[in-house]
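The values are calculated or read from the model by the stated rules, or taken from the named source; none is laboratory data. Remember, it's a predicted structure, so these values are computed and weren't measured experimentally. Because the Cβ atoms are built from the backbone with ideal geometry, glycine has one as well, and the counts that use them run over all protein chains shown. Side chains are part of the model used for accessible areas, which takes the heavy atoms of the whole protein and leaves out ligands, DNA and RNA. Shrake-Rupley method; radii C 1.70, N 1.55, O 1.52, S 1.80 Å.
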Amino acid sequence: MDNTPVSRERYLPVSRQDMEARGWYYCDFLLVSGDAYIDHPSFGAAIISRILEKDGFKVAICAQPNWNNVDSLLSFGRPRYGVLISPGNVDSMVANYTVARRRRTEDAYAPGGKIGYRPDRTVNVYCNLARRAFPDIPLIIGGIESSLRRFVHYDYWDDNVRRGILEDCGADLLIYGMGERAISEIAKRLKKGEKISNITNIRGTCYMSKTPDCDFEGAVMLPSYEDCVRDKKEYARAAYIEQNEQDPIRGKALVQKSGERYLIQNPPQMPLDTREFDAVYELPYTYDIHPDYIPLGGVPAIEEVRFSVTHNRGCFGSCTFCALALHQGRMVTCRSHESVIKEAERMITFPDFKGYIHDVGGPTANFRQPACKKQLKQGTCAHRACLYPTPCPNLDTDHSDYLSLLNKLRELKGVKKVFIRSGIRYDYLMCDKNDDFFEALVRYHISGQLRVAPEHMSPRVLGYMGKPHFDVYRRFIDKFFDINRRVGLKQYPVPYLMSSHPGSNLDDAIQLAQYLRENKITPQQVQDFYPTPGTLATAMYYSGYDPRTLKPVYSAKTSEDKKLQRALLQAHIPENRYAVMDALKKAGREDLIGSAPGCIITARAGDKAHKNKQQPSAKPDSKPGGKKPASKSAKPAAKNGAKNTNPAYTTSSTNKSAKSVRNTPKSQKGKRK
């Protein structure tokens, strides 16, 4: 990597000194970010700040402040119009804790990848800090944490139902989804002197009100906070309505009572059209980390996107464990070829570009247009997914435009190879009767391995996931190998798998383990289901009901049950042997221990001693409504406050962790489809 810093003047000010160097004695907006400052359009804070700059506003960036010291914000001076809180590209609790509720030791969005630069419940903590610094200033929140917690939601780390985040944090306005249009209109109205309390009619925003009245007709009343706490079926019903109304054409305003006040969600914004989408990528980003981070070891998150191009937004895949439907929506929009090519040509000029474009993708790489023409006038179907349980007959599966774009990128001087690393939705690909894209994918856009995400093989579990029947994956794999043989290549699929998803029990995990054994597949990584806010699968996990049908659904909740399911999917790992044995015994499938065909593990000397060993009874990780994290030394903060463990101010350290989590969108890009 070339460590030559981009000129500091090309970034927005990050300090009082930077402001004065520009001749500024005030800023219009102060954007407080939970991520390090990376001026790249894969990061929401960069887009929002550049949008405001284009509109003529002076914007300063306060990235990862010391949240125990109000001077972190006061040093910038009071902004003229407001403070914007952007918690980062990942929910702060996901960023700070693993699915086992253990404290992470790495944060890809912080200097040097070190943990501790962001507080638990970042939105709440930063809002408290902003209120202390600038009482009564307009306070606007956005980003993934705000967006997915806007309604009453189950919080996995509290193991409890929390109120909508606006009520928790005390902000004036919440922007959900992709906020370019909303922030631009809000800023212009504040500049004209309009009070923030009167800005209640902008699509894509939420606010708290003393009455259920709103500016849009036909508002839908959701089950209240009290209803959701009292009755889990009501919680599931609310989750389904919330998902169902996230459409910019047919979606209604939503109202949810909490105590004596009401959360009002205005209908979603229309997604940007191609011209507007292109304009966002024409803004003067540096496409790099701020130079202040170079002596601190850089910021790892930039490496994921440094040589990648986003060409689309939105996803009509509708996986129940994915938050994209509630954040970006189901309507797909895309950038023009000219815009993508211009970004690639800029990338080629970077000193450390070696000829490889790492990705041309987005939430789902091979979605390049709306699912059907009907969506453009009538919106997405209210009670019908585009691909599940079977593809809609109106589905537009043409890949020719995406293929044309890839061909143009491959022909650019200085480009050796163009990869596709974002998730390919294989069931959508199999619907295209023309094999040109599939063949090009195999020939030119992978290097030995293709990552795809069947997630499971049990029809029941796949149904709860909103994924296609496993036969579709089998046909896809057969065709993949057939094309490889035809073009003279030897490449292999790498399946992403998920354990302990709601609906999955030991029998389902055993069924998948048998398939893996029979096909000599040895997955090195298996994702435990992570109940993150805003997904239907999380509603299943908490409530015990499928929100789509309100029928009961089982979820593995104890650490022991989760461990057994995960071990079965990785039965080839020696350390998992006894866990696999315990799982098979618990399921009454000791016939799968031995050397006969179909057995998952072989019998060995010493197994009898393990059989006679008394196993401790499994207990839930936490009691319903209680708060019991996995580690006493790493207790997630349940309150608005948080202990400051920022390495810039303290020398404390924490335990090992992962880099990212499947269930939450990372840099607007999906990796498993």
For region 316-332, does any single residue satisfy the condition of being touching a strand residue (DSSP E or B) at 6+ places or on another chain (Cβ under 8 Å), more than 27 Å from T390 (Cα to Cα), at pLDDT 95 or above and open to solvent by less than 20 Å² (accessible area, probe 1.4 Å)? no
Just name the residue that is nearest to C315 (Cα to Cα) out of those in region 224-258 that are of a type in the set (A, V, I, L, M, F, W, C) and in contact (Cβ under 8 Å) with a residue 40 or more places away in the chain. I249
List, please: which pairs have Cβ atoms under 9 Å, are six or more places apart or on different chains, and start with a residue in region 259-282 that is within 22 Å of A325 (Cβ to Cβ) and open to solvent by 30 Å² or more (accessible area, probe 1.4 Å) and end with one that is part of a helix (DSSP H, G or I) and among the β-branched types (V, I, T)? none
Counting just the residues of region 570-592 that are in contact with a helix residue (DSSP H, G or I) (Cβ under 6 Å, 6 or more places away or on another chain) and aliphatic (A, V, I, L, M), which one comes out farthest from S500 (Cα to Cα)? L592
Does region 411-422 contain any residue that is open to solvent by less than 10 Å² (accessible area, probe 1.4 Å) and among the small types (G, A, S)? yes
Any residue that is part of a loop (DSSP other than H, G, I, E, B) and open to solvent by less than 30 Å² (accessible area, probe 1.4 Å) - is there at least one of those in region 470-484? no
Restrict the check to region 527-548 and report whether at least one residue is over 30 Å from M93 (Cα atoms), in contact with an Asp or Glu (Cβ under 7 Å, 6 or more places away or on another chain) and touching a residue at least 40 places away in the same chain (Cβ under 8 Å). no
Residue pairs within 8 Å by beta carbon, gap of at least six or interchain, first lying in region 391-417 and part of a loop (DSSP other than H, G, I, E, B), second of a type in the set (S, T, N, Q) and surrounded by 15 or more Cβ atoms within 10 Å (Cβ to Cβ), listed first then second, are P391/T397; D396/Q369; D398/Q369; H399/N366
Does region 499-515 contain any residue that is touching a Pro at 6+ places or on another chain (Cβ under 7 Å), open to solvent by less than 20 Å² (accessible area, probe 1.4 Å) and in contact (Cβ under 8 Å) with a residue 24 or more places away in the chain? no
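Yes/no per residue for (1) over 27 Å from A385 (Cβ atoms); (2) assigned to a strand (DSSP E or B); (3) of a type in the set (G, A, S):
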position	(1), (2), (3)
R132	yes, no, no
S147	no, no, yes
W157	yes, no, no
D168	yes, no, no
A171	yes, no, yes
G177	no, no, yes
L190	yes, no, no
A238	no, no, yes
E242	no, no, no
Tally time: how many residues in region 307-348 are of a type in the set (D, E, K, R) and either in a helix (DSSP H, G or I) or free of Cβ contacts under 8 Å to residues at least 40 places away in the same chain (or both)? 5
Might you check whether a residue that is within 22 Å of Q527 (Cβ to Cβ), in a helix (DSSP H, G or I), in contact with an Asp or Glu (Cβ under 6 Å, 6 or more places away or on another chain) and not basic (K, R) occurs anywhere in region 428-441? no
Residue in region 456-477 that is free of Cβ contacts under 8 Å to residues at least 24 places away in the same chain and more than 28 Å from the chain's Cα centre (by Cα) present: no
